[in-house]
Amino acid sequence: MNPKILGVAVGVALIGSMAAAQSDKSMHALMSGPVQTSSGQVAGTALPSGVSAWLGIPFAKPPVGDLRWAPPQPSAWSGVFNADRKGPACIQVLRPHDINHYFGEEAIGEDCLTMNIWAPPGVKAGAKRPVVVFIYGGGFTIGSSGMANYDGEAMAKAGAVFVNFNYRVGAMGFLAHPELTAEQGGASGNYGLMDQTLALRWIRDNIAAFGGDPDKVLIMGQSAGAGSVAAQILSPAARGLFRAAVMSSGCNLRAPKATLADAEKVGLALQERLGAKNLAALRNVPADRILAVQSETQLGLSVSGVRISGPIIDGRVLPQQAAEAVAAGNFAKVPMIAGFNEDDLSFGFSALTGTSTVADYNAAAGQLFGADAPAFLKLYPVKTDAEVRATARRAAQDAGLAANARGCAVDVAAHGVPVWINEYTRRHPYVPGVRLADQDTATVGAYHTADIPYWFGTQDKYNLFRQTRQWTDWDRTLSSRMMTALIAMAETGSPDTAAMPWKSWTMKNDTLLWLGDSVSVKPLNVTGQAWLAAHKPAGGPAPRPTTPRD
């Protein structure tokens, strides 16, 4: 690595996203001087809002050479690291420029294990502010802390220290292989999860110097990031590194994962596709060649290749299947929020959610449930075409992420853990007629990831290059309330606030908080969930939540 060390390695190429390049013009060195960390001194920048930012801090050594497919090693440097821009994203495919989540081109590389920290204006070391840490999603093959919709400036203005970081994805982050298992004491894979845990340990050791309280760290993830949060809850190595957890669109504390033996077969298949003789040869293969033989179905791609599934039960990071660990009480017993979106992923219900008329809806129900269709239609009836879309989506969520969230609540509450459930339903106010390659803005609804700009106050990032949204006063108000709830959760262990009253879930309070055109408490459709769990669609297994993908 050639870090930006003042007086040591000045002159590093100024690469990064266009958005970062634009914001760099209005950044100034912090007058308070460098922050001393366990890795070395770090110089930050002052944003026009008064927020202090330290961007691109390397929390681990570059995972290259013999450290490719190895547990991450703590970083260290001499001199002062100039943390004035976000680091490259970990190796992954690039994003098309006409999709919803394009915020400027990012640099990509293997030397990617960096962290970004934002602190409130005027906050000094020892201020003990609550800390919110975000782990990105992307199906464990894409994602970056550098994306503008994950920025922490607004959260810092609201009073929290906000942190995000990169972790290895795809084959670089989750490859298991017999030679790696032998080299690393009986386990391999899950390097991306180990990156996350090392980042959380770095935060635990150092966040007080940035004004945060190491005893008030909340971790949050969305989609595969929610799966990552679940993995940290389950991992013995992460115990004591956070006091609360939030999982958006996937509280994955029941879903089974591949075993080490199964994952090693995937590693051998990758080796064969690359024509490498052994592990040493694999470590010498250029990263772009590895990426080229990896399966990818996101960002409009359909690449047939070796399927890297993400976290596995390796016996080290994840010793047990999630359901077994939770049943036995082998998990971090911290307050949790389990959330999902109204128009989230549908998990096998596309035949139903793609309908627009009563006739098509009833036919799709027959296709999915066969002889059980009349019972399904009694639980989820439609009388007019106008009711079809909302009812189909409700059935899909009740079978998938709503049941997923309630299942998590049932399981952890049995161990005395406080848990809250939310459903996000607010549809983004799109500019009429705006076109996005991966969305029909007229029908997309409260889509997968639609809640994130509200949690973090990053709504304006969606208008970075062209206006796609016309945000209203209510959108700003809802965002403010959601941000305040997150900060309260980090501060006290409860998201309940005066602006957003929220009681924890119990069997007697079988409700969720509905975040949409208003904020209100609504009952969960337990009857529908129970029926869907007990009845399999004709011609296939019952839909079950798997790791959501970005």
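Listed values, structure above:
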item	result
Positions within the range 256-267 being open to solvent by 20 Å² or more (accessible area, probe 1.4 Å) and either under 30 Å from Ala399 (Cα atoms) or among the hydrophobic types (A, V, I, L, M, F, W, C) (or both), in sequence order	Pro256, Lys257, Ala258, Thr259, Leu260, Ala261, Asp262, Val266
Filter result for Glu179 (more than 26 Å from Phe210 (Cα to Cα), in a loop (DSSP other than H, G, I, E, B) and open to solvent by 20 Å² or more (accessible area, probe 1.4 Å))	no
Any hit, the range 337-351, residues being in contact with a helix residue (DSSP H, G or I) (Cβ under 8 Å, 6 or more places away or on another chain), farther than 20 Å from Gly137 by Cα, open to solvent by 30 Å² or more (accessible area, probe 1.4 Å) and without any contact (Cβ under 8 Å) to a residue 40 or more places away in the chain	yes
Leading residue by the ranking (nearest to the chain's Cα centre (by Cα)) among those in the range 320-334 that are part of a helix (DSSP H, G or I) and hydrophobic (A, V, I, L, M, F, W, C)	Ala322
Filter result (open to solvent by 10 Å² or more (accessible area, probe 1.4 Å), in contact (Cβ under 8 Å) with a residue 24 or more places away in the chain and either in a helix (DSSP H, G or I) or over 19 Å from Val317 (Cα atoms) (or both)) within the range 182-205	Glu183, Met194, Thr197, Leu198, Arg201, Trp202, Arg204, Asp205
Among (1) farther than 27 Å from His101 by Cβ; (2) surrounded by 14 or more Cβ atoms within 10 Å (Cβ to Cβ), the one test that Ala328 misses	(2)
Residue ID - most open to solvent (accessible area, probe 1.4 Å), chosen from residues in the range 268-303 that are in contact with a strand residue (DSSP E or B) (Cβ under 9 Å, 6 or more places away or on another chain) and assigned to a loop (DSSP other than H, G, I, E, B)	Ser302
Qualifying residues in the range 242-255 (those that are of a type in the set (Gly, Ala, Ser) and over 22 Å from Ile207 (Cβ atoms)) - the one surrounded by the fewest Cβ atoms within 10 Å (Cβ to Cβ)	Ala255
Some residue of the range 524-545 being at pLDDT below 95, within 19 Å of the chain's Cα centre (by Cα) and closer than 25 Å to Leu368 by Cα	yes
Sole exception among (1) within 23 Å of the chain's Cα centre (by Cα); (2) without any contact (Cβ under 8 Å) to a residue 60 or more places away in the chain; (3) over 26 Å from Val444 (Cβ atoms); (4) open to solvent by 40 Å² or more (accessible area, probe 1.4 Å) for Arg316, by number	(2)
Whichever residue in the range 69-92 is within 23 Å of the chain's Cα centre (by Cα) and among the charged types (D, E, K, R) and, among such residues, is farthest from Ala107 (Cα to Cα)	Arg85
Pro381 being at pLDDT 95 or above and touching a Gly at 6+ places or on another chain (Cβ under 6 Å)	no
Filter result (in a helix (DSSP H, G or I) and open to solvent by less than 20 Å² (accessible area, probe 1.4 Å)) within the range 358-381	Tyr361, Ala364, Ala365, Leu368, Phe369, Ala373, Phe376
Filter result for Asp215 (acidic (Asp, Glu), over 23 Å from Gly138 (Cβ atoms) and either in contact with a helix residue (DSSP H, G or I) (Cβ under 9 Å, 6 or more places away or on another chain) or open to solvent by 20 Å² or more (accessible area, probe 1.4 Å) (or both))	yes
Cβ pairs under 7 Å, 6+ apart, first in the range 236-249 and more than 25 Å from Tyr424 (Cα to Cα), second among the charged types (D, E, K, R) and surrounded by fewer than 22 Cβ atoms within 10 Å (Cβ to Cβ)	Leu241/Arg201; Leu241/Arg204
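Every residue, every condition in (1) assigned to a helix (DSSP H, G or I); (2) in contact with a helix residue (DSSP H, G or I) (Cβ under 6 Å, 6 or more places away or on another chain); (3) surrounded by 18 or more Cβ atoms within 10 Å (Cβ to Cβ), yes or no:
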site: Lys383; (1), (2), (3): no, no, no
site: Ala386; (1), (2), (3): yes, no, no
site: Asn404; (1), (2), (3): yes, no, yes
site: Cys408; (1), (2), (3): yes, no, yes
site: Val412; (1), (2), (3): yes, no, yes
site: Asn422; (1), (2), (3): no, no, yes
site: His428; (1), (2), (3): no, no, yes
site: Val434; (1), (2), (3): no, no, no
site: Trp455; (1), (2), (3): yes, yes, yes
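The values are calculated or read from the model by the stated rules, or taken from the named source; none is laboratory data. Quantities reported herein were computed from a predicted structural model and do not represent experimental measurements. Using ideal geometry, Cβ is built from the backbone for each residue, glycine included, and neighbour counts are taken over all protein chains shown. Just so you know, the surface numbers come from the protein's heavy atoms only, side chains and all, with ligands and any DNA or RNA stripped out. Shrake-Rupley method; radii C 1.70, N 1.55, O 1.52, S 1.80 Å.
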